[in-house]
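**Q** Below: one structure in structure tokens.
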Amino acid sequence: MANKVRIGLLGAGRIGKLHGENLAHAVPNADLYAVADPFMNDVTRAWAADMGIEKCYDDPEMIFGDPTIEAVFICSSTATHADFIMRAAQTGKHIFCEKPIDTKLAKIEEALAAVKKAGVKLQVGFVRRFDHNHKAVRDTVASGKLGKPNLIKVTSRDPDHQPMSYIKVSGGIFMDMTIHDFDMVRYLAGSEVTEVTAYGAALSGAGYEEYGDVDTAIVMMKFENGALGVIDNSRAAHYGYDQRTEVHCDQGCVQVANDLNNTAMISSAAGVEVAKPTWFFLERYNNAFIAEAKAFIDAVLNDTDTLVTGFDGLQPVKIAMAANLSMKEGRPVKLSEIE
């Protein structure tokens with residue numbers, strides 16, 4: 001068995017650079033060999049040199065066509081994900097792909113069929129599963145020591161508005177932001193969502209309604225195992241990255257609070273002061289990003305199943321579609337309606 005996996009990185013934007021830096025410096029069994037980005041420039045080449053990356057391309061085919069590259073990290077724009085998955089599968093490369101695989105079910109299913117046919121591994125980038133806090137909640141629920149889950153609650157609020165140029169192409173709050181929460185409720189409940197009721201509003205005055213989007217949302221869900229779930233979202237909390245989770249079970253409750261910048265509590269006659277939550281996902285989940293990359297590399301080296309499968313990539317997209325339909329039509333939507 002080889003000791004390292006040679007990797008080609010597809011996309012060198014914010015998330016691509018994050019994965020690249022982790023692969024180069026924090027994942028010992030990864031050999032980050034090449035990067036391809038359609039906007040390759042001197043700044044990206046300098047970054048690649050700092051990462052020890054040998055090859056820089058503006059054409060992804062240079063990575064797909066290199067037989068020495070064993071796996072790819074797909075960190076490009078969403079519109080390219082499914083096509084890149086299929087191309088990687090055709091060339092026999094294992095695949096890590098950021099979420100979502102695509103915004104169309106037929107395209108996702110086509111990509112998953114290509115992966116199955118090629119016999120390569122696919123891991124989808126739902127990073128919260130690798131977070132120490134969320135994993136502890138999942139392990140507690142799965143152990144059964146609190147009985148069966150009855151109610152899953154997730155609060156997820158971004159610290160501030162994204163640029164409207166991003167919102168315009170994001171696919172909407174449910175496909176872009178809440179999709180992580182949809183994966184998390186499935187993971188924590190250990191069961192599939194069967195019905196969704198969603199409400200949303202553009203309340204901030206930032207202009208979301210111009211693109212048919214919202215900045216504030218609530219999603220209520222029913223699960224196959226009888227549990228109920230609720231997610232609340234905001235695009236702009238203003239006080240940091242609000243990430244709280246709770247699962248109430250037959251015999252107790254398990255919950256996690258926000259990670260704070262520090263745990264100091266200052267008490268005086270004026271009151272009690274604590275630090276704000278970490279600012280955004282790069283700070284909050286950096287260790288989880290490293291853990292998910294290590295898990296993918298381990299699956300390739302040891303020929304084991306990945307921990308977040310193609311099916312896990314498909315289901316949250318279906319839930320997001322159901323949430324969109326529910327919000328637009330003002331009614332509960334069963335997952336069986338989504339085809």
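No lab work stands behind these numbers, since they all come straight from the coordinates. All values derive from a computational prediction rather than experimental measurement. Ideal geometry is used to build each Cβ from the backbone, glycine not excepted, and the neighbour counts take in all protein chains shown.
**Q** Kindly establish whether I95 is closer than 26 Å to D298 by Cα, crowded, with 23+ Cβ neighbours inside 10 Å and of a type outside the set (K, R).
**A** yes
**Q** Scan the stretch 3-26 residue by residue and report those that are touching a helix residue (DSSP H, G or I) at 6+ places or on another chain (Cβ under 7 Å) and either farther than 22 Å from R45 by Cβ or small (G, A, S) (or both).
**A** Answer for the stretch 3-26, where residues must be touching a helix residue (DSSP H, G or I) at 6+ places or on another chain (Cβ under 7 Å) and either farther than 22 Å from R45 by Cβ or small (G, A, S) (or both): V5, G8, A12, G20, A24, A26.
**Q** I want to confirm something. Restricting to the stretch 184-198 and keeping residues that are in a strand (DSSP E or B) and crowded, with 21+ Cβ neighbours inside 10 Å, which single residue is nearest to the chain's Cα centre (by Cα)?
**A** Filtering the stretch 184-198 for residues that are in a strand (DSSP E or B) and crowded, with 21+ Cβ neighbours inside 10 Å, the one nearest to the chain's Cα centre (by Cα) comes out as V193.
**Q** Further, regarding this structure: May I ask you to say which residue of K55, K145 is in contact with a strand residue (DSSP E or B) (Cβ under 7 Å, 6 or more places away or on another chain) and surrounded by fewer than 17 Cβ atoms within 10 Å (Cβ to Cβ)?
**A** Step by step, each of K55, K145 is checked, and only K55 is in contact with a strand residue (DSSP E or B) (Cβ under 7 Å, 6 or more places away or on another chain) and surrounded by fewer than 17 Cβ atoms within 10 Å (Cβ to Cβ).
**Q** Out of curiosity, is I69 closer than 19 Å to L122 by Cα, outside any loop (DSSP other than H, G, I, E, B), in contact (Cβ under 8 Å) with a residue 24 or more places away in the chain and not aromatic (F, W, Y)?
**A** Spelling it out, it is not the case that I69 is closer than 19 Å to L122 by Cα, outside any loop (DSSP other than H, G, I, E, B), in contact (Cβ under 8 Å) with a residue 24 or more places away in the chain and not aromatic (F, W, Y).
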